[in-house]
Amino acid sequence: MSVMEGQTASVRGGSDNAAGTRPTIVIVGAGFGGMAAARALRGVEADVTLVDRTNHHLFQPLLYQVATAALSPADIATASRVLLRGQDNATVLMAQVEAVDADRRRVRLSDGRELPYDYLVLATGAGYSFFGHDDWARHARVLKSIDDALDIRAMLLSAFEQAEQCDDAAVARRLLTFVVVGAGPTGVELAGTIAELTRTTLVRDFRHIDPRSARIILCEGGPRVLAAFPEKLSTYAGEALTSLGVEVKLGMPVDSIDAKGITVGGERIDAETVLWCAGTQARPAARWLGAEAARNGAVRVNGDCSVPGRPEIFVIGDTASFDHGQERALPGLAPVAKQQGGYVGRLLKARIGRRPDLPPFRYRDLGTMAVIGRSRAVAHLGRLQLTGFVAWLAWSLVHLMLLVDFRSRLMVYANWSWAWFTYGRGARLLTGASARAAIVPNGQDDSGDESPA
């Protein structure tokens, strides 16, 4: 649907409601930014509606561990209603947003309903970009949601189950070849964890194949892994991946991806599983608003995270391109979204209470981290650069503390402790369609009547 263009007169971006009525705040997205904004509005004399197409808040930094059978979805996701249960002014709505009518101040849902607002916060996040090759998406898996993680987990585990009963050596090699595209934090973490899965967890579980023979290939178009980190940490990460058995291919952009594999830098790799962790693209907030966007589709925002010409609309997290006081736009990291969400919540609290506006948003860079495998990680904390076990310990503690509730912290800690002592993984079940796929010989159709095993 098209979005009407125009300007809305307002005072300091405030409500145009009649005097004495409570303003309405609509927050789209229950990720780090949206949830932080909603919780910062606790106790405000306003009606807050949090809209998301799922019913949960997801801790995305640990999503790769669900994809590699280390954690279950419930360990890193909490129902949004639970997180806002004690907040009397907040309502949670599970719905799909389709458009925004900025002139009428309405959020349009996919079922035709409209939500009026006085203030709007867009925290819709980002998806992966295939750089104009959208046909590649049919053959490569991405990792942005719980469903994505479960699909990847099913592919990984099914590949070994099928290879165990495969009589064709070439097909078995393709089944046990896993290609990860993109050597940012997610790609590095995925590749390293898959390598550990094959070298330790699964090594004694099969009789006809050796899981250690699996190929894990990490492809990066740039000159080094973890390009956003200092070169010293990138070098350590590359060496750690290699020691785990990961084949790191640098300076090799993707030429094509199809149902049988991938071509990178002119080299053909037959692979059943291709995981895409390369470029990202903001979800369509800029199109909804008719606003100026950066190259990745993120909305260019003012210093207070509002949209130019629309002081009542705020865009935060991966959906925003924020470069005020920065050498370049802030990265798409969870701390950025969380800090922006808290800032916008406090800003709205001040405006609704008719107090002076806050100064422009400033990001407090608390550092970046990436884990490579058991006891191996890199951490860039200001001037401090950590590698190895110390970095891994810091990464573990930080991520435990960032989880939103005590139950999640307890479950993740228990799973990590068990994995540390046993090298095991507690979420390796194949059920439903994934289980049926695993028992069908590769390349055959599974249609027809089911029979008991």
Item to check | Using a Förster distance of 60 Å, the FRET efficiency for Lys260-Thr21 (Cβ separation, nearest 0.05) | outcome: 0.45
Next on the checklist: Angle check, please: helix 406-422 long axis (alpha carbons) against the longest principal axis of the chain (alpha carbons), in degrees 0 to 90, nearest 10.
Outcome noted: 20
Checklist outcome for this item: Working note, the range 324-409: Cα radius of gyration (Å, one decimal) and Dmax (Å, whole number) are 16.5, 52
Item to check | Alpha-carbon Rg/Rh ratio, for the chain, with Rh computed the Kirkwood way | outcome: 0.99
Checklist entry - So what's the angle, to the nearest 10 degrees on a 0 to 90 scale, between helix 146-164 and the longest Cα principal axis of the chain? => result 0
Checklist entry - So who's got an amide H within less than 5 Å of the one on Ile372, skipping anything under 5 residues away but keeping other chains? H placed 1.01 Å off N, in plane. => result Ala377, Val378
Item to check | Along the chain, longest interval not containing exposed GluC sites (Glu not before Pro), exposed being DSSP loop plus at most 15 other Cβ atoms within 10 Å | outcome: 46-291
Checklist entry - Where the convex hull is taken over the Cα atoms of the range 255-374, what is its projected area averaged over directions, in nm²? => result 11.4
Checklist entry - To the nearest 10 degrees, how steeply does helix 231-243 sit against the main Cα axis of the chain, on a 0 to 90 scale? => result 40
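Over all directions, how big on average is the projection of the convex hull of the alpha-carbon atoms in the range 118-184, in square nanometres?
Dividing the Cα hull surface by four gives the mean projection, 7.1 nm².
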Next on the checklist: Modelling each spin label as a point 7 Å along the Cα-to-Cβ direction, I'd like the Asp147/Glu98 distance in nm, to one decimal.
Outcome noted: 1.8
Checklist entry - Among the trypsin sites (Lys or Arg not before Pro) within the range 203-302, which fall in a DSSP loop and have no more than 11 other Cβ atoms within 10 Å of their own Cβ? => result Arg204, Arg207, Arg295
Checklist outcome for this item: Counting only backbone N atoms under 18 Å from a point 7 Å out along Cα-to-Cβ of Asp357, the residues of the range 290-320 in range are 300-316
Checklist entry - Taking the simple approach of a point 7 Å from Cα along Cα-to-Cβ for both Ala137 and Thr242, what is their distance in nm? => result 3.6
Checklist entry - Cross-link partners among lysines for Lys338, C-alpha distance below 19 Å, same-chain residues fewer than 8 apart left out? => result Lys144, Lys349
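None of the figures in this text is laboratory data; all of them are computed from the coordinates on show. Here the structure is a predicted model, which means the values were calculated and not measured. Methodologically, a virtual Cβ is constructed for each residue, glycine included, from the backbone with ideal geometry; neighbour enumeration extends over all protein chains shown.
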